[in-house]
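Comments concern the structure below.
Just so it is clear, none of the values below were taken in a lab; they were calculated from the coordinates. Just so you know, these numbers come straight off a predicted model, no measurement behind them. Methodologically, a virtual Cβ is constructed for each residue, glycine included, from the backbone with ideal geometry; neighbour enumeration extends over all protein chains shown.
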Amino acid sequence: MKMLQDVMTKADGSRTGLVLVADDDPTMRALARKALTKDGHGVLLAENGEEACHLFTLQTPDVVLLDVSMPVVDGFDACARLRDSATGRRTPILMLTASEDVDAVSRAYQAGATDFQTKPINWRVLRERVKYMLRAKQDAEELMQLAEYDSLTGLINRATFRSHLKRSLVRAEEQGQRLAVIFLDLDGFKEINDAFGHGFGDLVLKEVGDRIAGELRLGDALARSGQLRAGPVASRFGGDEFTVCVTDVPGADAATEVANRLRTALARPFRVNGREVFVTASTGVSVYPFDGVDADTLLQHADVAMYDAKASGRNCHAPYTRSMSTKASEKIALAGGLRRALEREEFCVHFQPKVDVASSRIVGAEALMRWEHPDRGLVSPLEFISAAEEIGLGPQIGDWLVDAILAQIADWRRDGHDALPIAMNLSNSQFHGADLLKRVTDAVGRHDLEPSCLEIEITEDVVIQNRSAAHELLTGFKTLGIQTAIDDFGTGQSALSTVSGLPVDALKVDRSFIKGLEVSKRDRAIAASIIDIGHHLDMTVIAEGVETEEQLAILESLGCDQVQGFLFSRALPAEEFRTHFEEECARQEEGAPKVA
């Protein structure tokens, strides 16, 4: 074998080709070896077609020369066998015939031969034909690489994966086996592109592809050791999405083991261009034949499961269930309805009063969107805002809300009512959108109002994700004269570190801590701490979700500044809110002690 390796390498270290020669004539084999080794080719020799097929399986030669007439298995049958194998499908095969027999030539092509040559052999011509076939094979492989593989990661691409999956499903059906599809999506990869650029992101994707391929090679070794019965195959499906096909698996649990190994591998830090970055992934799995019997259905269901996992947080996994498809269909219907709702102006704004604890006066309101659905009636934003964000309608709906609030304030002012400051919550997509400050400024100017009539609330989670951008945005609002508040404060578990140094006017205590005030020492301690933090930073503290007199009394004893909740009023349509405000003002004038 050492001699074979020696002749496969030129003096400059470059590899030429490995040629398999099958002929029952020992003289022909010797002459073929002598001629081909002159060009640096490695040569494998076989005495018949059976031996040729065996050597092909062991060595995978680049070119095959087959004599037509051989014992045991002739050249025609050997050629047909090679063409039936995955590797032999693209290998050039030159048939050697004793005469220009038309029938023999026809049978050679029918068996899958690339070309034929008659004996006696012109060895110089043969050498040139082998060189040509090697070049043609290399060109074909390069084209195949472009057509079937992802140029960035080196994994197979989407089309090749689908073809592989279809072939695997045929084998699984024939052999009564199960097959699993894993859909993998990187969590928050857009943040890497936004922070460091798409070129850097591509380098990360390449590292991700390498790590997935390495982990699956380990999986293939585990398969051979018996833990799984077949090794998985991965593709870059597109963008930051990857898919894996695992054949001959016991069920979803085995595929979940593969998915968990991949997620664990990806969770280790990446070192790219001297910078350390962290990547996590969410995965979903579907299993043939339980979750689908064709490639499209299995991919769709694995994708649905992956999105269900992603909705549970980062670095999560979920097996497919039928209820997921129901939820996915509902989400698609919801997305279509939201687009129509924006076009048909089906959204409206309700206003929930904010009450000063010390005076019991209404000192402002929070604007809350509602969807006046033609079939379902009034729909809460809890049911549609996240869907709007996912389909890219968040900024448009946010701009609509700003304009609707300002239009309502302008209407009240024209009717002779003093304009209370109205607060609105800034969505994640609005926060990341371009020119937000300019759009808000332009909207205020269109309605001829002062910026101070509007208050902006931003959730603690948004601040935690990008504190520097939050600081810049809040400073911009402050400069305009717009009051700002951090909503849902305390849920991010970051306390003082979140608000220290931020130009924020108010903190809103999340309703989850107010709900247990009467019975939970923990919730009371958290509420007290937030109120204390806010006051030490010269901020107003507002409690959300106040529903009982006892909760109000506790908040008053803790020094909370403002409250809102069902104890005072639900969120009301504009006209009802104005009536409620006027009635409360009149009650205050009459000396009533509390808001009813």
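A few comments on the model shown:
- Spin-label model, Ala407/Ser557: points 7 Å from Cα along the beta carbon direction are separated by 4.7 nm.
- Correct choice for Rg/Rh (Cα atoms, Kirkwood Rh) that was computed from the model, options (1) 1.19; (2) 1.36; (3) 1.10: (1)
- Residue pairs exceeding 28 angstrom between C-alpha atoms, taken from Lys354/Lys478; Lys331/Lys508; Lys34/Lys119: Lys331/Lys508.
- The rule of thumb for compact globular proteins, 2.2 N^0.38 Å, goes into the C-alpha radius of gyration of segment 2-147 0.98 times.
- Relative contact order of segment 272-320, pairs being alpha-carbon contacts under 8 Å that are 6 or more residues apart, as %: 44
- Amide H to amide H, with H built 1.01 Å from N, Asp187 comes under 5 Å of Thr280, Ala281, Ser282, counting only residues 5 or more places away or on other chains.
- Distances between placed amide hydrogens fall under 5 Å for Phe116 paired with Met95, all partners being 5 or more residues away or on another chain.
- Pairwise Cα inverse-distance average, inverted: Kirkwood Rh of segment 158-320 (Å): 15.8
- Rounded to whole numbers, the Karplus 3J(HN,Hα) couplings from phi for segment 575-587 are 5, 5, 5, 4, 5, 4, 5, 5, 5, 5, 4, 5, 5 Hz, using 6.51 cos²θ - 1.76 cosθ + 1.60 with θ = phi - 60°, and x at Gly and Pro.
- Here each label is just a point 7 Å from Cα along the line to Cβ, and for Thr326 and Asp538 those points are 5.6 nm apart.
- Relative contact order (%) - criterion: Cα under 8 Å, at least six apart; region: the chain: 7
- Using just its DSSP H runs of length 4 or more, each adding -39500 (n - 2.57), the chain gives a mean residue ellipticity at 222 nm of -16000 deg cm²/dmol after division by all residues.
- Near the amide H of Arg361, within less than 5 Å, lie the amide hydrogens of Asp356, all on another chain or at least 5 residues away, with H placed in the peptide plane.
- The listed peptides 330-337, 418-425, 467-474, 504-511, ordered by packing as a protection proxy, come out as 504-511, 418-425, 467-474, 330-337 (highest mean of other Cβ atoms within 10 Å first).
- Per-residue extension of 0.36 nm, minus the Cα-Cα distance of Lys206 and Cys348, leaves a gain of 46.4 nm for this segment.
- In terms of overall dimensions, segment 266-309 has a Cα radius of gyration and Dmax of 15.5, 46 angstrom.
- Using θ = phi - 60° and Karplus 6.51 cos²θ - 1.76 cosθ + 1.60, couplings along segment 332-346 (whole Hz; Gly, Pro as x): 5, 4, 5, 4, x, x, 5, 5, 5, 4, 5, 5, 8, 6, 8
- Principal-axis tilt of helix 549-558 within the chain, Cα atoms, nearest 10 degrees: 90
- Share antiparallel - DSSP beta bridges, segment 2-147, percent rounded to 5: 5
- For segment 373-379, 3J(HN,Hα) computed residue by residue from phi via the Karplus equation (6.51, -1.76, 1.60; θ = phi - 60°) reads 6, x, 10, 8, x, 6, 10 Hz, glycine and proline entered as x.
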